[in-house]
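K.L.:
Following this message is one structure expressed as structure tokens.
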Amino acid sequence: MIYSVALDGPGGAGKSTIAKQVAKQKGIVYVDTGAMYRSIALYMLKHNIDIHNEAEVKSQLPNINIQLTYKDGTQCIILCGEDVSKEIRTSKVSMSASVTSAYKSVRAFLLDTQRNVAKIQSVIMDGRDIGTVVLPNADVKIFLSADSKVRAKRRYKELAEKGEEITFEEVLEDIQKRDYQDVHRRQSPLKMAEDAVLLDTSSLTFDESVKAVIDLIDSKIGG
Ligand code: DC
């Protein structure tokens, strides 16, 4: 049986690390839609496009080709033939993706790609509007959240480990700014689907969060 799990929530809530682990344990495919939005932003930055000008961004979309491939079970994102999986993780790309993902044209461009991957295999797809817009009929819908300070702490640790020079205060400010942009945009704002289950991970360890998601899946799909 093919089933789909929609995992939405704000940046830094731990969606991708949790989704990766859940995908591994359940033997399903992990689809990181944020990586797709980040790739579009990276393309604009690389080509010196003014990301605040929607018409200019839109005019570039036909030149963009995004593919998801899997190497040793990990998702790689290929932008116009180049593996950009690492490059899309900088804070500059995060902020730019928050701007360009608010454009209707950008969202429409990625919608089919996202729906198509879920048609052919069981997936856990993470993002902001998976349960509300992309897969409204997902079998399991989870909204993952955590206090913004907790999220900033996790993101700061992640970036520091990668050697990015950034302070905790800057990370917290970025997270709060992105939350605001993601929640207040007109197109597909970040909001919990009515039929989603809220999972607050502020006081959960990683393993506890993974278990909570798997328990939810098993209760809906059957283990
Ligand atoms: O989850 P992330 O931090 O990798 O997402 C990067 C940006 O893309 C974030 O600002 C929100 C946006 N995004 C979106 O609008 N819709 C999605 N389904 C996934 C991400």
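Coordinate-derived values only; no laboratory data. Just so we're clear, the structure is a prediction, and the values are computed from it rather than from any experiment. Glycine also receives a Cβ, built like all others from the backbone with ideal geometry; neighbour counts cover every protein chain displayed.
K.L.:
Is it possible to state the helix-based mean residue ellipticity at 222 nm for the chain, with each DSSP H run of 4+ residues giving -39500 (n - 2.57), the sum divided by total residues, to the nearest 500 deg cm²/dmol? What is it?
P.N.:
Using -39500 (n - 2.57) per qualifying helix, the result is -15500 deg cm²/dmol.
K.L.:
Moving to a separate point now. Can you list residues from other chains, or at least 5 along the same chain, whose modelled amide H is less than 5 Å from the amide H of L144?
P.N.:
Amide H to amide H, under 5 Å and 5 or more residues apart or across chains, L144 pairs with D8, G9, L199.
K.L.:
Could you tell me the calculated FRET efficiency between K211 and K24, based on Cβ-Cβ distance and R0 = 22 angstrom, to the nearest 0.05?
P.N.:
Working: r = 13 Å, r/R0 = 0.61.
E(calc), rounded to 0.05, equals 0.95.
K.L.:
With label points built 7 Å along Cα→Cβ from the Cα atoms of D200 and N116, find their separation and express it in nm.
P.N.:
Modelled inter-label distance: 4.1 nm.
K.L.:
Where Rh denotes the Kirkwood radius from the mean inverse Cα pair distance, what is Rg over Rh for region 80-223?
P.N.:
0.96
K.L.:
Next question. Can you list which of the GluC sites (Glu not before Pro) found in region 161-223 are DSSP loop residues with at most 15 other C-beta atoms within 10 Å?
P.N.:
In loop regions of region 161-223 (DSSP not H, G, I, E or B), the sparsely surrounded GluC sites (Glu not before Pro) are E164, E165, E194.
K.L.:
Put +1 on the Cβ of every Lys and Arg and -1 on every Asp and Glu Cβ in region 72-223; which of Y156, I214, A193 then has its Cα farthest towards the positive end of the dipole?
P.N.:
Sorting the options by dipole projection puts first A193.
K.L.:
So what is the relative contact order of region 7-80, in percent, for Cα pairs below 8 Å that sit 6 or more residues apart?
P.N.:
Computed over region 7-80, the figure is 22 percent.
K.L.:
What is the calculated FRET efficiency for C76 to E54, with r their C-beta to C-beta distance and R₀ = 25 Å, to the nearest 0.05?
P.N.:
Numbers: r = 29 Å, r/R0 = 1.15.
Approximately 0.30, to the nearest 0.05.
K.L.:
Please name whichever of P136, I78, A97 sits farthest to the positive end of the charge dipole of region 1-144, dipole taken about the Cα centre and charges placed at Cβ: Lys and Arg +1, Asp and Glu -1.
P.N.:
P136
K.L.:
So if each residue of separation counts as 0.36 nm, and I subtract the Cα-Cα distance between H47 and E165, what length gain in nm does that give?
P.N.:
Contour length minus Cα-Cα distance gives 40.0 nm.
K.L.:
So for the chain, averaging the separation of alpha carbon pairs under 8 Å that are six or more residues apart and normalising by length, what relative contact order in percent results?
P.N.:
Dividing the mean separation by the residue count of the chain yields 33 percent.
K.L.:
Convex hull over the alpha-carbon atoms of region 1-96: what's its volume per residue in Å³?
P.N.:
124 Å³
K.L.:
Give, rounded to the nearest 20 debye, the magnitude of the charge dipole that the chain has about its Cα centre when Lys and Arg contribute +1 at Cβ and Asp and Glu contribute -1 at Cβ. Intermediate results must be reported in sequence, preceding the final value.
P.N.:
Numbers: 31 positive and 31 negative charges, 58 e Å.
Computed charge dipole of the chain: roughly 280 debye.
K.L.:
Continuing with this model, one more query. For a quick check: sort T100, T167 by the number of other beta carbons within 10 angstrom, fewest at the front.
P.N.:
Starting with the residue having the fewest Cβ neighbours, the order is T167, T100.
K.L.:
Right, next: Please give the length that would be gained between K104 and H184 if that part of the chain were fully extended, namely 0.36 nm times their separation in residues minus their C-alpha to C-alpha distance (nm, one decimal).
P.N.:
27.4 nm
K.L.:
In the structure shown, do any of K20/K220; K104/K162; K24/K177; K20/K104; K58/K162; K71/K220 have a Cα-Cα gap over 26 Å, and if so which?
P.N.:
Working: K20/K220 19 Å; K104/K162 33 Å; K24/K177 32 Å; K20/K104 28 Å; K58/K162 32 Å; K71/K220 30 Å.
K104/K162; K24/K177; K20/K104; K58/K162; K71/K220, as the Cα separations exceed 26 Å there.
K.L.:
Looking only at S203, S91, S39, which one moves most when the chain is put into a Gaussian network model with springs between Cα atoms under 10 Å?
P.N.:
S203
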